[in-house]
Amino acid sequence: AIEEDISSQSNVGTKTEEILNESTDVDDDAVRGFAVFSADSTNGTWEFRHNSTSSFWSAIPGSVSASSAFLVASNDGTYIRFAPNPHYHGSALLSYFVWDRFEFSEGDTVDVQSRPQT
């Protein structure tokens with residue numbers, strides 16, 4: 001759960017590589033990212049950034065779906081966070097598939113309803 005009224009400076013997010021550590025790919029050297037197909041934006045916004053020293057966060061659209069998943073590339077300096085609305089405390093869900101970055105680019109939207117099993 002996120003703290004109520006947490007400041008933007010204190011809400012540093014989670015390193016995406018920590019989230020993706022549990023994923024595997026048949027290619028040992030595969031680069032990874034997220035294909036976000038559900039982002040609960042009822043009480044705030046999901047955001048990401050690629051530089052831990054930057055104060056600029058990019059929003060993940062709240063309108064994502066399995067037919068229009070939003071791609072976020074991951075590298076060693078990428079963080080993801082939930083930025084809550086004022087006075088909100090609780091949880092928010094983000095659902096994603098791991099993206100191997102073989103095709104497409106960050107910021108693209110893709111259909112993930114049928115995925116190859118590799």
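Entry note, the stretch 1-111: relative contact order of 41 percent, from Cα contacts under 8 Å with a spacing of 6+ residues.
Overall, the accessible surface of the chain at a probe of 1.4 angstrom is composed of carbon and sulfur to the extent of 46 percent. Over the chain, accessible surface divided per residue gives 61 Å², non-protein components excluded, 1.4 Å probe. In this label model, E3 and S114 are separated by 4.8 nm, measuring between points 7 Å along each Cα→Cβ vector. Estimated from helices alone, the mean residue ellipticity of the chain at 222 nm is -1000 deg cm²/dmol (sum of -39500 (n - 2.57) over DSSP H runs with n ≥ 4, per residue).
Tell me, Kirkwood radius of the chain from alpha-carbon pair distances, in Å?
Roughly 14.8 Å, rounded to one decimal.
Database remark: amide H of W46 closer than 5 angstrom to the amide H of I60, A83 (H placed geometrically; neighbours at sequence offset of 5 or more, or on other chains; Pro and chain starts carry no H). Charge dipole of the stretch 57-118 (Cα centre as origin; +1 on each Lys and Arg Cβ, -1 on each Asp and Glu Cβ, all else neutral): 220 debye, rounded to the nearest 20.
In order along the stretch 94-101, the Karplus-derived 3J(HN,Hα) couplings, from 6.51 cos²θ - 1.76 cosθ + 1.60 at θ = phi - 60°, round to 10, 10, 8, 10, 6, 10, 8, 6 Hz, and Gly and Pro are given as x.
Please say if the stretch 60-103 is rounded, prolate or oblate, where rounded means a/c under 1.5 for a ≥ b ≥ c the square roots of the C-alpha gyration tensor eigenvalues, and otherwise the choice is prolate for a/b larger than b/c and oblate otherwise? Oblate shape, in that a/c is at least 1.5 and b/c is the bigger or equal ratio. Distance between the pseudo-spin-label points of S10 and S63 (7 Å out from Cα toward the beta carbon): 3.4 nm.
The values are calculated or read from the model by the stated rules, or taken from the named source; none is laboratory data. Being a predicted model, the structure only gives us computed values, none of them experimental. Note that each Cβ is placed from the backbone with ideal geometry, even for glycine, and that neighbours are counted across all protein chains shown. Accessible surface is based on the protein model in full, side chains and every heavy atom, while ligands, DNA and RNA are left aside. Shrake-Rupley method; radii C 1.70, N 1.55, O 1.52, S 1.80 Å.
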